[in-house]
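Engineer: Below are the structure tokens for one structure; questions will follow.
The values are calculated or read from the model by the stated rules, or taken from the named source; none is laboratory data. Given the structure is predicted, the values throughout are model-derived calculations rather than measurements. Cβ placement follows ideal geometry from the backbone for every residue including glycine, while neighbour counts extend to all protein chains displayed. Ligands, DNA and RNA are stripped out before the accessible areas are found, and what is left, the full protein with its side chains, is counted by its heavy atoms. Shrake-Rupley method; radii C 1.70, N 1.55, O 1.52, S 1.80 Å.
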Amino acid sequence: MQHSLLGIHHVTAITSDPQRNLEFYTGFLGLRLVKVTVNFDDPGSYHLYYGDREGHPGTIMTFFAWPGAPRGRQGTGQINATAFSIPQASLGYWLGRLHEHNIQYEGPTSRFGEQVLSLRDPDGLVTELVAHPGENASAGWENGAIPAEHAIRGLSSVTLWEDDYEQTARLLTDTLGFRLVSEEENTFRYALGTGGAGTRVDVRNANGFWSGKIATGTIHHVAWRVATDEAQQKWRQILDEGDFNVTPILNREYFHSIYFPEPGGVLFEIATDPPGFAVDEPVEQLGTQLKLPPWLEAQRAQIERTLPPLRRQGE
């Protein structure tokens, strides 16, 4: 179908400390800071975007920065882990890096036939590194903290914890076009298209577990990719007709978005690939300046006074 979902566009989480978050995701994980802007719905707080060199959809992890906000609780109705893809041959490199930086981790463990390292970011967010065969075909960022041959290639999957996973499964397969590709114990893997890295969502049956609470150290939402605005409009029509409480199309400057809660309570977004992160600054300068949408430019001086200073690598 021309309007088919293509995979994960980005994952958005919440951090309590933007500077510490920046140092972990660019310094330790070696991602590129591709955009520094604000939460368009809360312009007194940062919205930080990390990804590959150009910020391609499928490589993006973003954070709302809410200093002083309470700690969230991970549980059902939430995305409880974000997995990044690394080359299979780089597993040893990353084990050494974890030891070098004295970061606690679990693994490597086998999951759906792949080796997984699990760690937590400074806010306690579960972050996974999944060793994929064949991932060397996609380039790592050459100017980051990690040698290009070992660098993160993009997002691999997200894991949802659900109290009633069957409702979520029906949405994934009957409406969104996913297919069940594997299951292990109480976790079910669904995939789009070819089923490779970046197209997958794991749904864990966590019936009886406590419900999650969104705040710092938790994931706010996951966005799924579509190629065009026309495809997004089609999805909005489908979701509206299915009574999924979908939002109007919102302009996020670097993509256009619609949002809706899946039956278990996880917030889903469908985001367009275009126009991309180079729409307001050259690729070579991505993430070097605070970028504001046109409707907030008149408030720039006030916003800059409100935001805490942010030191990028090399400054």
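Engineer: Of the options F64, P87, G198, report the single residue whose Cα projects farthest towards the positive end of the charge dipole of the chain (beta-carbon charges: Lys, Arg +1; Asp, Glu -1).
Structural biologist: F64
Engineer: On a 1.4 Å probe surface of the protein chains, which of H101, H150, H221 comes out largest in accessible area, and what is the full order? Mind dumping the intermediate values first?
Structural biologist: On the way: H101 80, H150 40, H221 5 Å².
My answer, sorted largest first, is H101, H150, H221.
Engineer: At 1.4 Å probe size, what's the solvent-accessible area of W295? Round to the nearest 10 Å².
Structural biologist: 130
Engineer: Among S182, S45, what's the order by accessible area (1.4 angstrom probe), most exposed first?
Structural biologist: Order by accessible area, largest first: S182, S45.
Engineer: Can you pull the one-decimal nm distance between simple spin-label points at A148 and S110, each 7 Å off the Cα toward Cβ?
Structural biologist: Here the modelled spin labels are 3.4 nm apart.
Engineer: Please report the relative contact order for the chain, taking Cα pairs under 8 Å with a sequence separation of at least 6, and give it as a percent rounded to a whole number.
Structural biologist: Details: 717 pairs, mean separation 78.6, N = 315.
Relative contact order for the chain comes out at 25 percent.
Engineer: Follow-up. With only alpha-carbon atoms in the gyration tensor, what are the semi-axes of the equivalent ellipsoid for the chain, in Å, largest first?
Structural biologist: 27, 25, 19
Engineer: Rounded to the nearest 500, what is the chain's calculated 222 nm mean residue ellipticity when only DSSP H runs of at least 4 contribute -39500 (n - 2.57) each, over all residues?
Structural biologist: Value at 222 nm, helices only, nearest 500: -3500 deg cm²/dmol.
Engineer: For the chain, modelled as a Gaussian network with Cα springs under 10 Å, which listed residue fluctuates most, V203, V283, V116?
Structural biologist: Of V203, V283, V116, the most mobile in the Gaussian network model is V283.
Engineer: Cross-link candidates for K35: which lysines have Cα within less than 24 Å, leaving aside residues fewer than 8 places away along the same chain?
Structural biologist: Leaving aside lysines fewer than 8 places away in the same chain, those within reach of K35 are K291.
Engineer: Another question about this same structure. Most mobile of L33, L98, L117 per a Gaussian network model of the chain (Cα springs, under 10 Å)?
Structural biologist: Largest GNM mean-square fluctuation: L98.
Engineer: With springs only between Cα atoms under 10 Å apart, run a GNM on the chain and tell me which of W161, W210, W141 wobbles the most.
Structural biologist: Checking each option, the largest mean-square fluctuation is seen for W210.
Engineer: What is the magnitude of the charge dipole of the chain about its Cα centre, with +1 placed on the Cβ of each Lys and Arg, -1 on the Cβ of each Asp and Glu, and no other charges, expressed in debye to the nearest 20?
Structural biologist: Approximately 480 debye in magnitude.
Engineer: Return the whole-Å distance between the Cα centroid of segment 42-68 and the Cα centroid of segment 84-143.
Structural biologist: 20
Engineer: Also, I was wondering about something else. Tell me, what is the 1.4 Å probe accessible area of E241, in Å² to the nearest 10?
Structural biologist: Counting only protein heavy atoms, E241 exposes about 130 Å² to solvent.
Engineer: How much length is gained if the chain between A89 and Q237 is pulled fully straight, taking 0.36 nm per residue apart and subtracting their Cα-Cα distance, in nm to one decimal?
Structural biologist: 48.9 nm
Engineer: So if I place +1 on the C-beta of Lys and Arg and -1 on the C-beta of Asp and Glu, and nothing else carries charge, what would the dipole magnitude of segment 84-155 be about its Cα centre? I want it in debye, nearest 20.
Structural biologist: Once rounded to the nearest 20, the dipole reads 80 debye.
Engineer: Once you charge only the Cβ atoms, +1 for Lys and Arg and -1 for Asp and Glu, what is the size of the charge dipole of segment 145-285 about its Cα centre, to the nearest 20 debye?
Structural biologist: Numbers: 11 positive and 22 negative charges, 32 e Å.
Charge dipole, segment 145-285, about its Cα centre: 160 debye, nearest 20.
Engineer: Please compute the contact order of segment 1-144 in relative form: average sequence separation of alpha-carbon pairs under 8 Å and at least six residues apart, divided by the residue count, as a percent.
Structural biologist: 23
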